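Written below as structure tokens is the structure these notes are about.
No lab work stands behind these numbers, since they all come straight from the coordinates. Given the structure is predicted, the values throughout are model-derived calculations rather than measurements. When we count neighbours, we look across all protein chains shown, and the Cβ atoms used for this are built from the backbone with ideal geometry, even at glycine.
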Amino acid sequence: MQEFKRLERKLMYHGAIVDFYKDTIQVPNGNIVEWDFIEHKGAAAVIPVRDDGKLLMVRQYRNALDRYTVEIPAGGLNYVGEPPQDAAARELEEETGYRSEDLELLITIRTTVAFCNERIDIYVAHNLIKSEQNLDEDEFINVKAYTTDELCQMIYSGKIEDSKTISAIMTYKDKYCF
């Protein structure tokens, strides 16, 4: 098998969430090409499951889409190497006002493998304990509970397009709903 060889990685922009690089790569036929690479420190997400089986979702404005979305609670790791389960627990409480001591890893996804290394570990939170929502100063989030069937219909109708949310709901449905 022929190999790809990175000759150079040049930082083009350092951001709060991602860093953008220009990579110079030698491809197997010997040609030299430039590829974009976005480095992400990672993220965690969580499906909060109420005692009645409904899933808590967050509705929030997303600047990249210029509209509101319905998603599972999620957020970036505070630092490279932060345990994703800690980040999931933090985001659960901050965004929904619930906490849980019963988090189980459901699935790990890579969002856009063609140009970004973002990894999201997605957990299921059982045995929710009422706490307090503690939003960041730029977050305005509404929380609502849905059945799995309602969420699947929202996916099929195009109301939910977020990849982490779709992956989480469909995996949860396959694993937990009979």
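Based solely on its DSSP helices, what 222 nm [θ] is calculated for the chain when runs of n ≥ 4 H residues each add -39,500 (n - 2.57) and the sum is averaged over all residues, nearest 500 deg cm²/dmol? Each step should come with its number before you reach the end.
Numbers: 3 runs with 36 residues, N = 178.
Rounded to the nearest 500, it is -6500 deg cm²/dmol.
Please report how many Lys pairs in the chain have alpha carbons closer than 26 angstrom, counting only residues at least 8 apart along the chain or sitting on separate chains.
Lysine pairs, 8 or more places apart or on different chains, close enough: 24.
What is the fewest-to-most order of Asp19, Asp66, Asp149 by other Cβ atoms lying within 10 Å of their Cβ? Let's see the in-between values first.
Working: Asp19 15, Asp66 7, Asp149 10.
Sorted ascending by nearby Cβ count, the order is Asp66, Asp149, Asp19.
May I ask for the net charge around Lys159, where only other residues with Cβ less than 14 Å from the Cβ of Lys159 are counted and Lys, Arg are +1 while Asp, Glu are -1?
Numbers: positive: Arg59, Arg62, Arg67, Lys144; negative: Glu71, Asp149, Glu150, Glu161, Asp162.
Overall, the nearby charge balance is -1.
Please list the three semi-axes, largest first and in whole Å, of the ellipsoid equivalent to the chain, using sqrt of 5 times the eigenvalues of its alpha carbon gyration tensor.
Working from the Cα gyration tensor, I get semi-axes of 34, 18, 16 Å.
What order do you get for 30-43, 110-123 when each peptide is scored by the mean count of other beta carbon atoms within 10 Å, highest first? Provide the component values of the computation, followed by the final result.
Numbers: 30-43: 14.4, 110-123: 16.4.
Put in order of decreasing packing, that is 110-123, 30-43.
Could you tell me the relative contact order of the chain? Use alpha-carbon pairs under 8 Å, at least six residues apart, and round to a whole percent.
Working: 372 pairs, mean separation 37.8, N = 178.
Worked out over the chain, it gives 21 percent.
For the range 106-178 and the range 62-97, compute the distance between their C-alpha centroids and round to whole Å.
10 Å
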